[in-house]
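Below is one structure, written out as structure tokens, with a few remarks after it.
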Amino acid sequence: MAKQESAWKQMIHFYRHDYEEQHAPMLYGDVWLKTKSHQRLILGLSDQGRQPYTTVSQVTLPTIGSHLNSGDVLVTLLTDQGPQPLSTPFSGTVQKVNDTLQATPQQLLTLKQNDNWLVQLKADQFQSY
């Protein structure tokens, strides 16, 4: 006879799965986006955006405090295929940048979102549905 999980374990698994679905990154072209809290967004390079490149030798990040409009160049990647600009899907003010990408730009090609995030924005207007 199969062993059944307790009601508590079932509830924990249910809510963990629900939490992971709500906090999964959204994809906008070559950029993934995660919401941290009200109007705070973290943007990174998606799998689709990473695929064409084998090397990244330089990453040009925006300055902290600069304002970006939707469609503006978020970062420019100097890759084996030349300079590649990535645009931002939302308007906002840059709060943080991933400074470690300046020293080790190849880290951008890793699968870990903790390593390949680009910037944190405070969005001008962001509504979650």
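Read-outs: derived from the displayed coordinates by stated rules, not from any lab. This structure is a prediction, so every number in the text was calculated from the model and none was measured. Using ideal geometry, Cβ is built from the backbone for each residue, glycine included, and neighbour counts are taken over all protein chains shown.
Observations on the model:
- Charges were assigned to the Cβ only: +1 to each Lys and Arg, -1 to each Asp and Glu. The resulting dipole of the chain about its Cα centre is roughly 360 debye.
- Expected-Rg normalisation [2.2 N^0.38 Å, Cα atoms] applied to the range 83-128: 1.30
- Calculated [θ] (222 nm, deg cm²/dmol) that DSSP helices of n ≥ 4 give over the chain, each run adding -39,500 (n - 2.57): -5500 deg cm²/dmol
- Each residue of the chain gets 146 Å³ once the volume of the Cα convex hull is shared out per residue.
- Whole-number percent relative contact order across the chain, with pairs defined as alpha carbons under 8 Å at least 6 apart: 24
- Computed extension length for Ser87-Ala103: 3.6 nm, one decimal, from 0.36 nm per residue of separation with the Cα-Cα distance subtracted.
- Packing rank of 53-64, 90-101, where each peptide gets the mean count of other beta carbons within 10 Å, highest leading: 90-101, 53-64
- Along the axis of the charge dipole computed for the chain (Cβ charges of +1 for Lys and Arg, -1 for Asp and Glu, origin at the Cα centre), the listed residues Leu68, Leu111, His13 are led at the positive end by His13.
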